[in-house]
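One structure is given here, and the rest of the page talks about it.
The values are calculated or read from the model by the stated rules, or taken from the named source; none is laboratory data. What you see is a predicted model, and the numbers here were worked out from it, not measured in a lab. All Cβ positions, even for glycine, are placed from backbone atoms using ideal geometry, and neighbour counts span all protein chains on display.
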Amino acid sequence: MGGLKKILILLGVIIMITLLFVGCSNESEVKQIIDSFTKDLNDRKFDKLYENISIKSKKEISYEEFTNRYEKIYGSINARDINIKIKEIDKDLKILASMSINTIVGKLDYDNLNINLVKEDDRYKILWDESLILPNMKKGDLVRVETKKATRGKILDRNDEELAIDSNVNSVYIHPEVFNKNKIENIDKVATILDISKEYIEDTIKDKPSSQLVHLLNVSPYENDRINNLKLIEGISIKEEVSRVYKNSEALGNLIGYIGNITKEELEKSKGYSQTSKIGKAGLEQIYEDRLRAIDGVEAYLKRGNEKIEIGKVNQRNGEDIKLSIDSKLQDSIYNELKGDKGASIAINPLNGEVLAMVSSPSYNSNTLVTYKTKEIANKWENQNNIQFENRANDSYSPGSTIKLITSSIGLESGVINPNEYMDIKGESWQKDSSWGNYSVTRVKDTKRPVNLYDAVKYSDNIYFADKAIKLGEEDYIKGLKKFGIGEKITFEYPMQNSQISNNGKLDNEILLGDTGYGQGEILMTPLDVVLSYSALVNDGNIMIPRLVISENKESKVYKNAIDKKYIEELKKCFKGAINDEDSTGYLAKIEGKNIMGKTGTAEIKNSKDDNSGINNGWFVAVNEDDPKIAISMIVENINKSTSEYVVPKVKNILNYYLN
């Protein structure tokens, strides 16, 4: 009797273990099915989903209807990042789960998703219905998405001229049924008018239904002649459609930038965008994307007979307008003076820090990037290695002799420079002592007589300024440079390369210190740094914080107290002499009736003193003393002419335009 009892107990334990094992096995299999279902939803593998639904479900919906329904609904709401979590599983294989989906109307969260499984041929299958598309959906429901277009913010210049707006462009369509009646002739005509390849046109209309209008490309509203000629071709249709439109000028390309189709990478790291979104790609369009961006109003809902059941909603939000301190006419004037040379120029109001122009050359017409490239433009860009996309206005350069204002100011303030003292220099080369070995500093002109500060500025005497920098010493010279903001990060709305004192921030080498004093060595400054330093001459020695976006930065503030007021008149005298004296390097900038101050600079870019393959960058910076409403710096890269003869007249023409 006792043995039988033991046997019965053992059988009970075995049964319990078996039931527990079967239960765990079932639960594991169910979880695997739901995980697989979720993965297929995210991967848009709706064909695999169909394989895993029950026979009964397949009798209710065909493969084509099933896959099309998912494709259309999930496509219309841009469903992604789908997550299904099991909350409960009962003994009848009924599952209670939660579901979340990211969509164009935000994240949708559902707490009560019911999923039923059935066993077919020893495998679990999903008993499918429409609630597995969206949990509150029923058979016969339609998904509708309504969009209310928002407008991207405008970019305006200081005079409210529109530099970037949402407006109409001309969309060119081809009606193949009509167009193909004279296909070869019409392709030739369109290719000639638009200056595009015949192959592009052929590929666009290839295999398209003959009754369907096929979009070819968009044409800028400034290209009226092309549009008028296209209208004469049978089978061509022109429609006005809203797009981004820019001021018709290359001068603004690198500053304003452009928008374009969002990439996969941008979509992954940017919230609230869809696969069809446009996003800022360069310039201010990119920098101020968050402010300029328009958010379309979107409402997604289920249509159940006459009933409208909301899925989600995003309110329309127009982008914010951005007003710049830029004078677009001045911007055009400067760009035209550069004539396609590699270079940059920045003009500011020296009294309030407003940036009046910020030019990089060569540049591009932003409209080309939002419409299409002609063969002429495409070939030009390719032949130039796409240099027009290099923004030189925010680049840093060796400042050359433009730094001599800073060295002069530091020297006067420290007492190392006495404007009435002369330095007796013999010849065109100099070294402090024999410890320099074969290295020496050279100057352009041997004056045949001792020079003082006025002479050294006028003749741009490198030897004079090298000597003064060495006498100042590393500590005092670096301290003086920082009074002008050199070696520090500047506060500015547009990203700029940082200026630097040297590669390691030190001047502990006597030769390096001397070379820095006349703008060579390892010192680097942007065109903005250079023009700001000269603005102090007409603003009581102060440099203002530069401002570009005046719709938000309305108040002018002092950035640096750069020059001691007691030395301003002496410096003014010297740097007016660098323009007004007939034997000065900047004489060609002299304007009758105007008191212009400034300085030329030629920066030698070479690997060593003996390098004959180096290039010269030409600088000129100027500011008017009377009614000081403009200070301007300009650099032209790799000039093979005299800076005085090539760069100076360009700046003079700009000053004449702006001051008169």
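Quick check on my filter: what residues within segment 59-75 are more than 15 Å from Leu41 (Cβ to Cβ) and either in a helix (DSSP H, G or I) or without any contact (Cβ under 8 Å) to a residue 60 or more places away in the chain (or both)?
Lys59, Glu60, Ser62, Tyr63, Glu64, Glu65, Asn68
State yes or no: is Val558 surrounded by 16 or more Cβ atoms within 10 Å (Cβ to Cβ) and either among the hydroxyl-bearing types (Ser, Thr, Tyr) or closer than 18 Å to Val355 by Cβ (or both)?
Against the criterion (surrounded by 16 or more Cβ atoms within 10 Å (Cβ to Cβ) and either among the hydroxyl-bearing types (Ser, Thr, Tyr) or closer than 18 Å to Val355 by Cβ (or both)), Val558 does not qualify.
Six or more apart or on different chains, Cβ atoms under 7 Å: show the pairs whose first residue is in segment 424-438 and assigned to a loop (DSSP other than H, G, I, E, B) and whose second is of a type outside the set (D, E, K, R) and loosely packed, with under 10 Cβ neighbours inside 10 Å.
That search, which allows pairs on different chains as well, returns nothing.
Do any residues in segment 567-586 that are farther than 20 Å from Gly400 by Cβ have Cβ atoms under 8 Å from those of residues that are buried (at least 16 other Cβ atoms within 10 Å of the Cβ) and acidic (Asp, Glu), where the two are at least six apart or on different chains, and which pairs are they?
Correct list of pairs: Tyr567/Glu413.
Which members of segment 365-379 meet the condition of being surrounded by fewer than 24 Cβ atoms within 10 Å (Cβ to Cβ) and within 30 Å of Tyr658 (Cβ to Cβ)?
Selection gives Asn365, Thr368, Leu369.
Pairs under 6 Å by beta carbon, first residue closer than 23 Å to Tyr364 by Cα in segment 258-274, partner of a type outside the set (Val, Ile, Thr) and at pLDDT below 90, six or more apart or different chains?
Pairs found: Ile262/Tyr273.
For segment 123-138, does any single residue satisfy the condition of being of a type in the set (Gly, Ala, Ser) and assigned to a loop (DSSP other than H, G, I, E, B)?
no
Look at Gly283 and say whether it is surrounded by fewer than 18 Cβ atoms within 10 Å (Cβ to Cβ) and either touching a residue at least 12 places away in the same chain (Cβ under 8 Å) or under 30 Å from Lys339 (Cβ atoms) (or both).
no
Need the failing condition index for Ile256 against (1) surrounded by fewer than 21 Cβ atoms within 10 Å (Cβ to Cβ); (2) farther than 25 Å from Gln212 by Cα; (3) of a type in the set (Val, Ile, Thr); (4) touching a helix residue (DSSP H, G or I) at 6+ places or on another chain (Cβ under 7 Å), just the number.
(1)
Going by the conditions given, is Ala603 modelled with pLDDT under 95 and within 29 Å of the chain's Cα centre (by Cα)?
It is true that Ala603 is modelled with pLDDT under 95 and within 29 Å of the chain's Cα centre (by Cα).
Just give me the residues in segment 620-637 being at pLDDT 95 or above and either touching a Pro at 6+ places or on another chain (Cβ under 7 Å) or surrounded by fewer than 19 Cβ atoms within 10 Å (Cβ to Cβ) (or both), in sequence order.
Once the filter is applied, which keeps residues that are at pLDDT 95 or above and either touching a Pro at 6+ places or on another chain (Cβ under 7 Å) or surrounded by fewer than 19 Cβ atoms within 10 Å (Cβ to Cβ) (or both), segment 620-637 yields Val623, Glu625, Pro628, Lys629, Ala631, Ser633, Ile635, Glu637.
Considering only residues that are more than 14 Å from Asn136 (Cβ to Cβ) and among the acidic types (Asp, Glu), which ones fall in segment 68-117?
Glu71, Asp81, Glu88, Asp90, Asp92
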